[in-house]
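Only the coordinates and a few stated rules stand behind these numbers; no lab work does. None of these values were measured; they are calculated from a predicted model. Neighbour counts run over all protein chains shown; Cβ positions are idealised from the backbone, glycine included.
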Amino acid sequence: MANTFSRRRFLTTAAALAGGAALLTAYKYKPLSAVTAIEPATGSRYYPPALLGLRGNHEGSEIFSHAAALHGKTFTLPEKAEEDYDLVVVGAGASGLSAAFRFSKLHPEAKILIVDNHDDFGGHAKRTEFVVDGKTLCTFGGSECLDAPQSTFSEEVHALLRELDLDYIKLGTYFQEDLYQERLNLQTAVLFNRATFGKDELVIVGKEHLNAENAAEAIPKFPISEEAKKVLLELYTRPRDYLKGKTQEQKQIFASQTSYHDFLKDVVGLPEDGLAFLSDISSDYWGHSIRAISVSAAVESGYPGVSELGLEEEPFEEEPYIYHFPDGNSSITRLLVRKLIPAAVSGSTMEDIVTAKVDYSLLDTPENRVRLRLNTTALRIDNETDGIALAYMTRGGKELKKVTARKCIFAGHSTITPHIIPSMPEEQKAAMKSNVKIPIVYAKVALRNSRAFHKLGIYRLYLPTSAYSVMQLDEPSNIGDYRHADNADQPIVLHMSRIATAREGDTAREMYRNGRSLLNTRSYPELEKEALDIVRILFDMAGENLDDTLAGIAIHRWAHGYSYEQVGLWDSDEEAEAATALMRRPVGNIHMAGSDVAWMPYLQNAIDEGLRAAHEAAA
Ligand SMILES: Cc1cc2nc3c(=O)[nH]c(=O)nc-3n(C[C@H](O)[C@H](O)[C@H](O)COP(=O)(O)OP(=O)(O)OC[C@H]3O[C@@H](n4cnc5c(N)ncnc54)[C@H](O)[C@@H]3O)c2cc1C
């Protein structure tokens, strides 16, 4: 089945699956970072971007939503409402904040309450700050970049960016595109692991990731069988029409119904160790391994061995990976909060937002027309005659609180709505449950210097079948007063990405669910150990001491990461369109936003849905 619903474009490297690949050496260190105790959100020292340890869906953030969604607890509305608003927004991610911003433009006097279950705003667009030897390093904990803004952003999204004074073309000029390859002369590499490939081995690939030009030099060095090397070389440098003899129609049916994994195994005859090497090339990009990638999707993505099959490629415009704030799309949510609650966020330009001070004690004060309440989970939303009533629980709180409002915009995870909006029609509840999100972990490791990487001559790695499948020195952006490291001796953040989707499962949804269950069994020390053991292997290879260089670690665990996106092997365009049309329907005075209702894991969809819901609610 064709996948016309779009594709993931924002990740630049191939990557990984979690699962329990036990590749690593002895447990050499104590877990670094105990999660800092949370202060009340009203305290002036409350500053969640500086918290290390387990971030993303941090400890305590999902207790109440899981009680409703997993344990069937039904919450009832308290009798007395404590507050009354014109609008309540559930979810302080890009979508909820955009919705609040648009609604307040349309109704400048409106009183708005935004609630979010996390200790920080931004949803997936979170940031982490490390202070290393006196220097503050900002990095992204989730949503990274504006992906293909020229070709995929709607006019409404462009208009919102202009209202935020965000000039993305200018943003692109701050990105140090030539830093690693040209100025520092660093390359990409593959790190093979002992558990799958018999030894830990680093193979330098070249300036670009593995391709037809550099394959002949790199592949012979791989620790895999001679037969696998031969077939891989052919796939990269002289692919054939492996479907020769089939009619065009037969080829197209085959390509839409067969996984790339099965094609490589059964049609091409790639041996197991060659398959292991390729198994994760789709993970970062699509959120699942090559077992859930159709041959058609492989053609579309330009994967090795499919260019001569005579299958049509959908042309798409590639845009460079340059629209990146040092803290990723967190800066966009900070810009939104600055517009909504100006007193809480200092500064006035897109250049100063990265180093702007956010005073969290001013987010939820009675003087504000717009209030942002963190650590607060919405657990029941009912329609009333002329508005809505919403019950929420605040972390550490003992009892439910009730607020009323004329309208509600729900911009949280769609799968919880059947449990907290009982009046939602059954067919809409079923559609809301279809958005099974992809589990992802981003580990952020602060280093006092990057000498180990310079000694090895590398800045980015692909790690097939490892716990984390992509590792790279952080994306380099110099904006405002913020400066990224530009030599080996300066502190820097190492970014590691793990797509925690399981390989096992009959459908993509099952793979995501199985992966999430596995991820939920991992303790924080285990996650930290898995990340640092891989870094240690590299440091040992470089003859550098990790313990002396390590300055801090934050692990952003996103049990519910990317929104579900149409998967060609299992979903048709018609199913995707029908589900999303149902999901967008308002339930009385409750309007639906969030990237989930678009089945699209992108900032632009989150914003589009937020703006649409705001217009609906404001009408
Ligand atoms: C690791 C990662 C990397 C990504 N990288 C990119 C990228 O580079 N570019 C890109 O375009 N997109 C990226 N994305 C996709 C990302 O989802 C979108 O960019 C965007 O941030 C989604 O915004 P949202 O507001 O729809 O949802 P979210 O960001 O998930 O925000 C929803 C918020 O609502 C809260 N919530 C849910 N239910 C409740 C409730 N009952 N009560 C209170 N609060 C609730 C959630 O916990 C969350 O904080 C990435 C996602 C992840 C996970």
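From Cα pairs below 8 angstrom and at least 6 apart in sequence, can you work out the relative contact order of the chain, rounded to a whole percent?
Result for the chain is 27 percent.
What are the residues whose amide H is under 5 Å from the amide H of Asp119, where those residues sit 5 or more places off or on another chain and H is modelled from the backbone?
Asn375
Between Asp266 and Ser151, what's the calculated FRET efficiency when r is the beta-carbon distance and R0 is 35 Å? Round to 0.05.
Approximately 0.45, to the nearest 0.05.
Using the Karplus curve 6.51 cos²θ - 1.76 cosθ + 1.60 with θ = phi - 60°, work out ³J(HN,Hα) for each residue of the range 460-468 in order, rounded to whole Hz, and write x for Gly and Pro.
The phi angles translate into 9, 10, 9, 10, x, 6, 8, 4, 10 Hz.
Mind checking the angle between helix 603-618 and the chain's longest principal axis? C-alpha axes, 0 to 90 degrees, to the nearest 10.
20
Taking Cα pairs under 8 Å and at least six residues apart, what relative contact order does the range 552-601 come out at, in percent?
Across the range 552-601, relative contact order equals 44 percent.
Describe numerically, in nm with one decimal, the distance between label points set 7 Å from Cα along Cα→Cβ at Asn545 and at Ala488.
Computed distance between label sites Asn545 and Ala488 equals 1.8 nm.
What GluC sites (Glu not before Pro) in the range 452-538 are in a loop by DSSP, with at most 13 other Cβ atoms within 10 Å of the Cβ?
Glu504
Along Cα→Cβ, 7 Å out, is where each label goes; now give me the distance between the ones at Ala216 and Lys230 in nm to one decimal.
It works out to 1.9 nm between the two label points.
For Trp570 and Asp359, what is the calculated FRET efficiency with R₀ set at 60 Å and r taken between the beta-carbons, to the nearest 0.05?
Here the calculated transfer efficiency is 0.80.
Using Cα atoms only, what is the angle between the long axis of helix 330-340 and the major principal axis of the chain, expressed in degrees (0 to 90) to the nearest 10?
20
Show me the trypsin sites (Lys or Arg not before Pro) within the range 315-389 that DSSP assigns to loop and that have at most 16 other Cβ atoms within 10 Å of their Cβ.
Taking the range 315-389 and a limit of 16 other Cβ atoms within 10 Å, the loop trypsin sites (Lys or Arg not before Pro) found are Lys357, Arg369.
Highest first, please rank the peptides 549-555, 205-211 by the mean number of other Cβ atoms sitting within 10 Å of their residues.
Highest-to-lowest ranking by the protection proxy: 549-555, 205-211.
Could you work out how far helix 524-542 tilts from the main Cα principal axis of the chain, as a 0 to 90 degree angle to the nearest 10?
40
Glu504: net charge of surrounding residues, Cβ under 14 Å, Lys/Arg +1, Asp/Glu -1, itself excluded?
+3
Return the whole-Å distance between the Cα centroid of the range 416-445 and the Cα centroid of the range 250-317.
The distance from the Cα centre of the range 416-445 to that of the range 250-317 comes to 29 Å.
With the cut-off at 1.5 for a/c, could you classify the range 224-315 from its C-alpha gyration tensor as rounded, prolate or oblate?
Note, shape of the range 224-315 comes out oblate.
For a 25 Å ceiling on Cα separation, which of these pairs sit above it: Lys230/Lys265; Lys73/Lys437; Lys126/Lys437; Lys251/Lys437; Lys111/Lys402?
Lys251/Lys437
If you count the DSSP beta bridges with both ends in the chain, what percent of them are antiparallel, to the nearest 5?
Antiparallel bridges: around 65 percent, rounded to the nearest 5.
If you count, for each residue, the other Cβ atoms within 10 Å and average over each peptide, how do 129-137, 97-105 line up from highest to lowest?
In decreasing order of mean packing, 129-137, 97-105 become 97-105, 129-137.
Can you tell me the length gained on complete extension of the stretch Glu249 to Lys455, counting 0.36 nm per residue apart and subtracting the Cα distance?
69.0 nm
Counting pairs of alpha carbon atoms under 8 Å apart in space and at least six apart in sequence, what relative contact order in percent does the range 224-315 give?
40
Roughly how many nanometres apart are two label points built 7 Å out from the Cα toward the Cβ at Asp84 and Arg585?
Placing both labels 7 Å beyond Cα along the Cβ direction yields 3.1 nm.
In the range 485-589, which chymotrypsin sites (Phe, Trp or Tyr not before Pro) fall in coil by DSSP and have 16 or fewer other Cβ atoms within 10 Å?
Trp570
So if each residue of separation counts as 0.36 nm, and I subtract the Cα-Cα distance between Thr385 and Arg45, what length gain in nm does that give?
118.2 nm
Can you list residues whose amide H is under 5 Å from Gly328's amide H, if they're 5+ apart or on another chain and H is modeled 1.01 Å from N?
Placed amide hydrogens put Phe140 under 5 Å from Gly328.
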